[in-house]
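The structure under discussion appears below in the form of structure tokens.
The values are calculated or read from the model by the stated rules, or taken from the named source; none is laboratory data. Predicted, not measured: the structure shown is a model, and the values here were computed from it. Cβ coordinates were reconstructed from backbone atoms using ideal geometry, including for glycine residues, and neighbour counts include every protein chain displayed.
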Amino acid sequence: MCPLSQSFSGCRFAERCDKAVTLCYESVPSWVEINTDHSVKCHLFNQLQHPVSEQAVSVAQITQPPRYSPLDKLLDVQNLKVHFPIHSGLLKQVSGYVKAVDGVSLSISSGKTLALVGESGCGKTTVGKSILQLIPVTAGSIQFNGMELTKLSPQELRKGRSDYQIIFQDPYSSLNPKMRIFEILKEGMDALGIDKYDTVHRSESLTNIPISSTEARIDELLQQVNLPAEAKWRYPHEFSGGQRQRIAIARALSVNPKLLICDEPTSALDVSVQAQILNLLSKLQRNFGLAYLFITHNISVVEYLADEVAVMYLGRIVEKGTVTEVLNDAKHPYTQALLSAVPTINPQLDEEEIELKGELPSLNHTPSGCYFHPRCSKAMAICQQSYPEMTTFSETHSTHCYLYEHPVSKAVI
Ligand code: SF4
Ligand code: SF4
């Protein structure tokens, strides 16, 4: 953002606008009336000065990553369980378990994005952390590149940690405020014994420049996340939220990972900055073939960035499929409710919101049968009795719901 003290000879947004033309720097755009209730100050709409190009005014100027196609799995998680014991009484005996993750299976191919969505407290972050072995796994298998992570020793895990990295939600607390950016980026490389330079992860524009120092590698990392080289001598507090998240991404990239777990990386940022970070992640995925597990509660992000989506409710995945399958033909009532709650700026496209009854139940008192039945408007008698098996609709699309196993004519609760 420009300082408020700056003076402008043209459009104030020109320096940040990817559609700016010479005229934008030379003259201030005047109001253009789109219709009686809608006006805009932008040269693109002033047809007398700058004829409108359909392509130029397209709001979705984002190059979509290639859609999902099942390739070799980089990450394959089967029946993952993470249960935390509840201690109570004088002797602190185990009186129960919080089943934060209860039988989750998912897979991601190289260069693809799986979005894990659901309400806060449903266990999404626990899935991400347990895959990276940051918290102990109770049961299940986590295969990364054919290697079983749950069976590795701490030394072996440390050795492989450069292959999978995590980007946290809060860029303010994820960077050490006492370290300059140079030290922050160097620390990760040194800790994991990463060579200063890896030809696979070089920017195309730098392929002919010899790399001889850590500083050059750090300059390159900063360039990859669209920050100037001099940023390396500054401290985290000197940057905005979006810039800090770019630094966090550069730190993750510094060890040349194959998989990035992105835990709500844009939810603490302004909307305009969110778009920049998503574009950056999309560009890095195309350049380096990174795989993303993208943890989010924002369905719009899913639509933009993901190839596949898994919907999580109370520690279990209730529906998964390609983005097209799940967003266009959601089967599970919970997914349908989440999608109906997405706001749209076009009132004609606004569908009626499906209201979810009550709050998300506690993970240590999960309901009997289908976990969603106390809040489900389509619940049947059988839904209280046992958890529904998986019903598949295609090679990639499946859900757990009795609506697709039994006739809907069953007695409604
Ligand atoms: S295209 Fe419109 S918004 Fe962009 S710089 Fe030009 S006048 Fe400003
Ligand atoms: S199994 Fe029953 S309660 Fe669960 S989502 Fe389906 S209809 Fe609703």
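Restricting segment 233-253 to residues that are surrounded by fewer than 17 Cβ atoms within 10 Å (Cβ to Cβ) and of a type in the set (D, E, K, R) leaves a set whose member that is nearest to PRO171 (Cα to Cα) is GLU238. Candidates ILE86, ILE108, ILE135: the one that is of a type in the set (Val, Ile, Thr), buried (at least 18 other Cβ atoms within 10 Å of the Cβ) and not in a helix (DSSP H, G or I) is ILE108. In this structure, is HIS332 crowded, with 24+ Cβ neighbours inside 10 Å and of a type outside the set (S, T, N, Q)? Yes: the conditions hold for HIS332. Right, THR138: modelled with pLDDT of 90 or more, among the hydroxyl-bearing types (Ser, Thr, Tyr) and over 22 Å from the mean Cα position of the chain (by Cα) or not? Yes: the conditions hold for THR138. Of the residues contained in segment 373-389, none is found to be at pLDDT 90 or above, assigned to a loop (DSSP other than H, G, I, E, B), hydroxyl-bearing (Ser, Thr, Tyr) and near ligand 2 (Cβ under 8 Å from one of its atoms).
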